[in-house]
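Below is one structure, written out as structure tokens; the observations come after it.
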Amino acid sequence: MTHDFGIIGLGVMGRNLARNVARHGFSVVVKDRDLETAQAFVEEVKDEGTFLAAGTEAEFVQALEKPRRILMMIPAGAPVDAVSQSLKPLLDEGDILIDGGNSNFNDTDRRLKELTPSGIRYFGMGVSGGEEGALWGPSLMPGGDKETYARLEPILTQIAAKVDSGPCVTWCGYGSAGHFVKMVHNGIEYGDMELIVEAYDLMRHALQLEPSEIADIFAEWNRGELESFLIEITSKIVDFPCDQGGEGILLDKILDAAGQKGTGKWTTITALQVGIPIPTMTAAVDARIVSSFHELRGKVAEIYPSPPAMELPGDKKQIVNWIREALYASKICSYAQGFDLIHQASKEYGFETRLDEMARIWKGGCIIRAKFLDRIRTAFQRDPELDNLLLDEDFATEIRARVDSWRKVVRLSLDLGMTSPAMAASLAYFDQLRRRRLPANLIQAQRDFFGAHTYRRLDKDGVFHTEWPSTVD
């Protein structure tokens with residue numbers, strides 16, 4: 001008997017995806033580093049579908065229907081190279097090898113070049129939703145050969161999360177588009193999380209609200225324009241009691257040093273290479289890095305006291321409303337940056353990614369799933385070549401209605417010495433884009449002065465250089 005689908009790597013994600021595939025009627029061959037692990041898994045889940053544990057790669061490949069469909073759920077980097085190369089001589093032309101990990105899209109491009117001459121169809125596929133998503137329906141972001149995607153589509157559409165607009169999977173584009181889209185998804189996730197914690201910080205430490213009050217506020221926000229997975233889980237976290245027998249809430253016991261696995265950093269690096277500003281996401285990455293300097297922050301705090309106490313510029317209920325509006329406006333700017341990056345990279349790398357489809361498949365299953373993605377989808381359906389979400393009249397109307405609150409919140413955080421780096425970065429991004437004239441003309445003059453780098457003029461065509469006054473006496 002041959003099987004429909006193969007999965008290599010039985011960590012939490014691999015195990016749950018295997019169960020998801022089998023639950024939808026497809027037979028699955030699984031392989032892990034040792035046969036005992038694979039056999040124990042099959043014994044555990046044998047009532048959920050048809051599974052086979054393979055001991056060697058040759059047995060694994062021979063047990064699959066041709067053209068073979070294989071998903072690697074293994075750590076990014078060297079392990080993907082090792083498994084890909086060991087499978088290469090065993091696979092036939094037309095077989096499909098999918099990397100479902102968080103690989104750097106540049107590595108995916110390299111592997112495509114290495115495997116394509118052999119006829120193997122290599123796919124990089126982003127998988128978002130965590131262990132629950134993997135089991136019950138993730139958001140899937142496959143990229144590669146468009147025609148070959150048709151061979152994967154019957155399985156992927158079955159196992160993906162389902163929303164009112166369909167399954168949360170689509171062909172994301174040629175080449176490494178799948179991993180590129182997943183990278184940007186994670187960059188947006190970084191921005192979203194930082195914006196939320198800044199809102200929390202202001203309510204907890206500026207307004208001195210009780211954790212239960214903040215939980216109620218986030219729960220209320222989740223019933224409105226900010227409805228999203230991250231707002232929902234935040235409402236459950238902020239007043240969760242200590243689970244180790246201590247008094248108070250768990251959040252107050254957690255070390256304030258945020259971890260990261262690198263995809264946010266990759267997003268920032270790539271944006272610099274493509275030439276697209278993503279200041280909200282970059283501020284979020286920087287904030288995580290600053291948080292890791294826990295000891296240094298303690299030393300600096302000893303030297304520099306907080307600003308003196310000040311009277312709040314309004315009643316607490318009013319300020320909470322400002323914070324909500326600032327969070328929403330900042331979020332629009334963050335997503336505008338992310339979609340702009342995908343749009344420009346798609347043109348530069350030839351991905352042919354549809355932005356409306358990216359908004360659609362992020363509506364369910366993934367970490368950044370949110371109500372307002374429907375509106376982003378609609379904006380790009382109206383104008384597939386929309387240069388920036390800030391140009392969409394619906395979003396422009398919402399920004400204009402919230403900009404005063406946004407400024408008040410950023411000003412308040414600065415006055416209190418708390419800082420809201422992502423909100424401030426979003427506001428600076430908005431303000432820079434809305435100005436017809438920026439002071440970059442002085443930068444151009446400086447560059448020409450010290451390096452004869454030339455400049456262009458507003459009143460004449462051409463490139464100019466000026467003989468500036470000498471700095472030598």
Estimated distance in nm for a label pair at T116 and F293, the labels positioned 7 Å out from Cα along Cα-to-Cβ: 4.3
Heads up, I need the accessible area for R411: 1.4 angstrom probe, whole protein in place, Å², nearest 10. 130
Please determine, in degrees from 0 to 90 and to the nearest 10, the orientation of helix 294-303 with respect to the longest principal axis defined by the Cα atoms of the chain, where the helix direction is its Cα long axis. 10
Amide H neighbours of G166 under 5 Å, at least 5 residues apart or on other chains, H built in the peptide plane: list them. none
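Any number yet on Rg/Rh for the chain, C-alpha, Kirkwood?
1.03
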Write down Rg/Rh for segment 238-297, rounded to two decimals, with Rg from the C-alpha atoms and Rh from the Kirkwood relation over Cα pairs. 1.17
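Where the only charges are on Cβ atoms (+1 Lys, Arg; -1 Asp, Glu), what is the dipole of the chain about its Cα centre, to the nearest 20 debye?
Roughly 860 debye, rounded to the nearest 20.
Over 23 Å between Cα atoms: which of K88/K182; K265/K331; K46/K162; K253/K363 fall into that group?
K88/K182; K46/K162; K253/K363
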Check which residues have an amide H placed less than 5 Å from A76's amide H, if you skip close sequence neighbours. N102
Quick one: compute a quarter of the convex hull surface over the Cα atoms of segment 1-150 and quote it in nm². 8.0
Show which aspartates and glutamates lie in cross-link reach of K347 when reach means a straight Cα distance below 14 angstrom and same-chain residues fewer than eight apart are skipped. E385, D387
Based on DSSP, what percent of beta bridges with both residues in the chain are antiparallel, to the nearest 5? 35
Among the GluC sites (Glu not before Pro) in segment 176-281, which ones are in a DSSP loop with at most 13 other Cβ atoms within 10 Å of the Cβ? Mind listing them? E247
In order over segment 364-369: 3J(HN,Hα) from phi, Karplus 6.51/-1.76/1.60, θ = phi - 60°, whole Hz, x for each Gly or Pro, gives x, x, 8, 5, 9, 4
Would you please name the GluC sites (Glu not before Pro) within segment 27-100 that are DSSP coil residues with at most 10 other C-beta atoms within 10 Å of their C-beta? E93
If Lys and Arg each add +1 and Asp and Glu each add -1, what is the summed charge of the other residues whose beta carbon sits under 15 Å from the beta carbon of N106? -1
Can you give the accessible area of W468, probe radius 1.4 Å, in Å² rounded to 10? 90
Once phi for every residue in segment 455-466 is put through the Karplus expression 6.51 cos²θ - 1.76 cosθ + 1.60 (θ = phi - 60°), the whole-Hz ³J(HN,Hα) values, with Gly and Pro written as x, are 7, 9, 10, 7, 9, 9, 7, x, 10, 10, 9, 10
Cα long-axis angle, helix 421-434 against the chain (0 to 90 degrees, to the nearest 10): 70
Hey, what do the phi angles of segment 157-169 turn into as Karplus ³J(HN,Hα) couplings, whole Hz, using 6.51/-1.76/1.60 and θ = phi - 60°, x for Gly and Pro? 5, 6, 8, 6, 4, 10, 10, 5, 9, x, x, 7, 8
Nearest 10 degrees is fine. How inclined is helix 105-115 to the longest principal axis of the chain, computing both from alpha carbons? 30
For R69, which sequence-distant residues (separation of 5 or more, or a different chain) have an amide H within less than 5 Å of its own amide H, given hydrogens modelled in the peptide plane? G6, I96
Inter-centroid distance (Cα atoms) of segment 8-40 relative to segment 69-143, Å: 16
If you keep only loop residues by DSSP, which trypsin sites (Lys or Arg not before Pro) in segment 14-79 have at most 14 other Cβ atoms within 10 Å of their Cβ? R33
Taking K460 as the anchor, which lysines have their alpha carbon closer than 22 Å to its alpha carbon, excluding any fewer than eight residues away along the same chain? none
Roughly how many whole Å is it from the C-alpha centroid of segment 204-259 to that of segment 337-387? 30
Based solely on its DSSP helices, what 222 nm [θ] is calculated for the chain when runs of n ≥ 4 H residues each add -39,500 (n - 2.57) and the sum is averaged over all residues, nearest 500 deg cm²/dmol? -17000 deg cm²/dmol
Of F240, F5, F51, which has the most accessible area with a 1.4 Å probe, and how do the rest follow in descending order? F240, F51, F5
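The values are calculated or read from the model by the stated rules, or taken from the named source; none is laboratory data. The structure displayed is predicted, hence computed values, not measured ones. So basically every Cβ, Gly included, is an ideal-geometry build from the backbone, and we count neighbours across all protein chains shown. For accessibility, only protein heavy atoms count, side chains too; no ligands or nucleic acids. Shrake-Rupley method; radii C 1.70, N 1.55, O 1.52, S 1.80 Å.
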